[in-house]
Amino acid sequence: MSVAIELAYLIASILFVLGMKMMNKTKSARKGNRLSALGMFIAIVATLLQIDAISMVEILACIVVGSAIGLYYANKVEMTKMPEMVAIFNGFGGLASFSVALSDYFLRTEVNMESIELVTVISIIVSVFIGGLTFTGSLVAYLKLNGNISGSPITFKGQHPINLILFLGFLTAAFFTVLDQTDPMLIIILIVIALVLGILTVIPIGGADMPVVISLLNSYSGMAACATGFILNNNVLIVAGSLVGASGIILTQIMCKAMNRSLVNVLLGGFGQTVNEAQADGPSITVKEIGVEETAMLFDGVSSVIVVPGYGMAVAQAQHVIRELMEQCEKRKIDFKFAIHPVAGRMPGHMNVLLAEANISYDKLIEMESINDEFPNTDLVLIVGANDVVNPAARNNPQSPIYGMPILNADKARTVIVCKRSMGKGYAGVENELFGYPNCLMLFGDAKQTITKVVSEMKEM
Ligand code: NAP
């Protein structure tokens, strides 16, 4: 039996790796997701076959309740609320590892009164630390993102020294736990410090850094699961945990690079607090407006168009009407492309997913590095609900919090039209000087409603 179980775990692990590999390409991503889900199903069945401590009825009841809650929320969640959803999932992942580690500790020390092997004690301590920190850190991230607590960085004097003291306190308590595994006071100290550190490390982080932290917490939840795998001697948990841990770190690095920020800089927090707003925003801006009819006429007379989608397109759900706009342009033999910034929207790949949902072919979506040189030779750029990712302050204003972030050079096109509802700022909270440029025209209104009107004007031409 145990050979069959190990074989099932091996197959599950291979399916996870293959599934993740297929997720590298948009075309095979769905298949990869299904393959990984099959791997998870095999792993769950193999685990259930080994269980004797609790009844199958209890387990199935928990699976049904958990799956029902998961299904309900996964169907209900809007695309723009995905980061909150991921945050809460990470938190529960951390909590699961934390709880398993603690139950294993108390079972061994209180019930069986046995001394624990060194590798298991260390795994329990690691799992309590990362799992506890991930749980409370993710809860804070969730509350910040859904607006229950301020999304801005919350900082106070002595924050970093306090964190350091707590961390050193954790290491000391961990050292004594290794020496004396039966002292429950020590494990309580470890629990409290891990939970408090989770809160204290996430509260100073805010603004555009939040998605980076969520990706990092995702990686932590994987590492906690991996440590729990060592406690339970469960190979598939070790493999799956390592995969989540490693991919989370890679994603975190990609986001940091796209925002030109170091991970240490993100973790120290206080994004955008070092500069005063006037300096960061630069001089006040006077804009020129354009109406729906004039926009349609402009589209009618150009030969190349690049659309820059951003978070506002996701909010307005304007992707389908943008496909109609593309069809109208293609009828007129206009060269039509999309410029995709790596952090446009609220999570990596956000724009790609939405545009794919509207049946826009992948080869129309061009990454920032490839399309940036094309802007100067483009007649018309339509920016739909994007802001920070086209803000030239990232190139020109060293005082700006987004200075140094690579941006789409949309401002270099012959004409730029920005479709957004107002002069409202983007996620980073800074003014966009592009809106005042001589080649820039503001098309105010909800992206879906406004572009629908532009398309119907074009249909009548
Ligand atoms: P953004 O800077 O957040 O700006 C979005 C704009 O959309 C807003 O200025 C808003 O202006 C407009 N908008 C909102 N609802 C709209 C609607 N219904 N119709 C039309 N416009 C609407 O977005 P972004 O340019 O995509 O930049 C993403 C930001 O998130 C960056 O700061 C990035 O660093 C950050 N971030 C993203 C990721 C990621 O993985 N994607 C990760 C980390 C950080 P109005 O209110 O005036 O309409």
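The values are calculated or read from the model by the stated rules, or taken from the named source; none is laboratory data. As the structure is a prediction and not an experimental result, all values here were calculated from the model. Methodologically, a virtual Cβ is constructed for each residue, glycine included, from the backbone with ideal geometry; neighbour enumeration extends over all protein chains shown. With ligands, DNA and RNA removed, areas are computed over all heavy atoms of the protein, side chains included. Shrake-Rupley method; radii C 1.70, N 1.55, O 1.52, S 1.80 Å.
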Expressed as a percent, the accessible surface of segment 40-118 that is carbon or sulfur, using a 1.4 Å probe and the full set of protein chains, is 71
Any chance you could give the angle, 0 to 90 degrees and rounded to 10, that helix 82-106 forms with the longest Cα principal axis of the chain?
10
Separation of alpha-carbon centers, segment 335-395 and segment 281-319, rounded to whole Å:
13
Approximate spin-label separation PHE41-GLU357, in nm, with each point projected 7 Å along Cα-to-Cβ
2.5
Can you tell me the dipole magnitude for the chain around its Cα centre, using point charges on the Cβ only (Lys, Arg +1; Asp, Glu -1), in Debye to the nearest 20?
600
Would you mind checking the tilt of helix 159-179 against the longest principal axis of the Cα atoms of the chain, expressed as 0 to 90 degrees and rounded to 10?
30
The percentage of Cα-Cα pairs in the chain separated by more than 27 Å is 60
Once you treat every alpha carbon in segment 40-148 as an equal point and sum by Debye, what is log10 I(q)/I(0) at q = 0.18, 0.19, 0.23, 0.24 Å⁻¹?
-1.11, -1.16, -1.25, -1.27
Extension gain from LEU118 to ASN146, taking 0.36 nm per residue of separation minus the Cα-Cα distance:
5.9 nm
May I ask you to list the lysines whose Cα is less than 18 Å away from that of LYS333, ignoring any residue fewer than eight positions away on the same chain?
LYS364, LYS459
Using alpha carbons only, how many degrees (0 to 90, rounded to 10) separate the axis of helix 2-22 from the longest principal axis of the chain?
20
Given Cα positions, please report Rg to Rh for segment 292-460, the hydrodynamic radius being the Kirkwood one.
0.93
Given the chain, longest segment not containing exposed loop trypsin sites (Lys or Arg not before Pro) (DSSP; at most 14 other Cβ within 10 Å):
158-287
Projected-area mean, segment 77-268, by convex hull of Cα positions, square nanometres:
11.2
